[in-house]
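The values are calculated or read from the model by the stated rules, or taken from the named source; none is laboratory data. The model shown is predicted, which means the values in this text are computed figures rather than measured ones. Using ideal geometry, Cβ is built from the backbone for each residue, glycine included, and neighbour counts are taken over all protein chains shown. Just so you know, the surface numbers come from the protein's heavy atoms only, side chains and all, with ligands and any DNA or RNA stripped out. Shrake-Rupley method; radii C 1.70, N 1.55, O 1.52, S 1.80 Å.
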Amino acid sequence: MNQQPFFPTFIESYFIALGVILGGALLGGLAAFLTGKPLITEIIRISGIIKIWAIVTAIGGTFDAIDTIEKGIYDAGTKDLFKQILLIVSAFGGAHTGITIIKWITQEYI
């Protein structure tokens, strides 16, 4: 959040997490196929495993987020704290949307 407008960063956070989930799961599925593992099962498994990494990637690394949250709590910077929480929620939403799309495409529940 260093001198970047908040709303574009909020949208970017969502789509970065979404892209990490979709790209990582599909390319990981390709690697599973090449090594003889079941394609659909591995895509679903990988999408669940990389969820936290998609969120960390989307918010730009954990140390910046923790530093901003610390400043918000100890230095009474509630505006920055609120913005950081919204960015994390946006990243969670993007990752969840990615996993939902993967489950929808692979028809996991059928």
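Let me confirm something: among Leu30, Leu39, Leu18, Leu34, which residue is of a type in the set (A, V, I, L, M, F, W, C), open to solvent by 30 Å² or more (accessible area, probe 1.4 Å) and under 21 Å from the mean Cα position of the chain (by Cα)? Leu30 is the lone residue from the list that is of a type in the set (A, V, I, L, M, F, W, C), open to solvent by 30 Å² or more (accessible area, probe 1.4 Å) and under 21 Å from the mean Cα position of the chain (by Cα).
Would you mind stating whether Gly72 is in contact with a helix residue (DSSP H, G or I) (Cβ under 9 Å, 6 or more places away or on another chain), without any contact (Cβ under 8 Å) to a residue 40 or more places away in the chain and not in a helix (DSSP H, G or I)? Give the derivation first.
Details: in contact with a helix residue (DSSP H, G or I) (Cβ under 9 Å, 6 or more places away or on another chain): yes; without any contact (Cβ under 8 Å) to a residue 40 or more places away in the chain: yes; not in a helix (DSSP H, G or I): no.
Against the criterion (in contact with a helix residue (DSSP H, G or I) (Cβ under 9 Å, 6 or more places away or on another chain), without any contact (Cβ under 8 Å) to a residue 40 or more places away in the chain and not in a helix (DSSP H, G or I)), Gly72 does not qualify.
Restricting Thr68, Thr57, Thr62 to residues that are of a type in the set (Ser, Thr, Tyr), at pLDDT below 85 and either crowded, with 17+ Cβ neighbours inside 10 Å or under 9 Å from the mean Cα position of the chain (by Cα) (or both) narrows the list to Thr68. For Phe82, the stated conditions do not hold, so it cannot be described as among the aromatic types (Phe, Trp, Tyr), part of a helix (DSSP H, G or I) and within 15 Å of Glu12 (Cβ to Cβ).
I need the full set of residues from the stretch 71-110 which are touching a Leu at 6+ places or on another chain (Cβ under 7 Å) and either of a type in the set (Phe, Trp, Tyr) or surrounded by fewer than 16 Cβ atoms within 10 Å (Cβ to Cβ) (or both), in order please. Listed by number, the residues that qualify are Ile73, Ile101.
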